[in-house]
Amino acid sequence: MKKLILVRHGKSSWEKPLEDVERPLKERGYEDAEIIISAFKHYFEKPVKVYSSKAVRAATTAKLFQKGLEIDDADFEIVDDLYTFDYERILDFIRAQEDSIPQLMLFGHNPAFTALANELGDQGINNVPTTGLVVIDFQVDSWQDVDYGKTLLTLFPKNFK
């Protein structure tokens, strides 16, 4: 069995004129991360391999989860390939993972994450919001075979406010 955890980056700031990849989280992004981490702790199990987009807002969100879920640095990596808005590129990334990894946690962007959650999961999701988390389970032994799974969990900040 393989388990995929998708987390869209937290709410980002548009206060300063920065390149898209450089936009930081705004305060709400930090607050929402605390809410989702707290709720997810009760469900989360190790081992997990965590990959994040290189965008500041995604990497910061991922680091908050890394700390909150006590994920080792050895299981955490920031990669260029996840700075994309194309779900097919993310799916290629997932299918290229080593089969020894039972669980992947990815931090990235919309519209890719919403499209991926709908492509792979069995629940229709209109929009994975900022700091939204989706867990999808697959009854396969290889990441190459990931195709259609069961959506086990969705955690969206608005459901906790």
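Readers should treat all values here as calculations from the given coordinates under stated rules, not as data from a laboratory. None of these values were measured; they are calculated from a predicted model.
Straight-line reach from Lys49: which aspartates and glutamates have Cα under 12 Å away, leaving out those fewer than 8 places along the same chain?
Output for Lys49: Asp72, Asp73, Asp75, Glu77, Glu98, Asp99.
Going through the cross-link list Lys67/Lys161; Lys46/Lys161; Lys26/Lys150; Lys2/Lys158; Lys3/Lys63; Lys2/Lys41, which pairs have a Cα-Cα distance over 25 Å in this structure?
Beyond 25 Å: Lys46/Lys161; Lys26/Lys150; Lys2/Lys158.
Before rounding to the nearest 500, sum -39500 (n - 2.57) across all DSSP H runs of length at least 4 in the chain and divide by the residue total; then give [θ] at 222 nm in deg cm²/dmol.
The helix contribution divided over the chain gives -8500 deg cm²/dmol.
What do the square roots of 5 times the Cα gyration tensor eigenvalues come to for the range 1-64, in whole Å, largest first, as semi-axes of the equivalent ellipsoid?
They are 25, 14, 7 Å, listed largest first.
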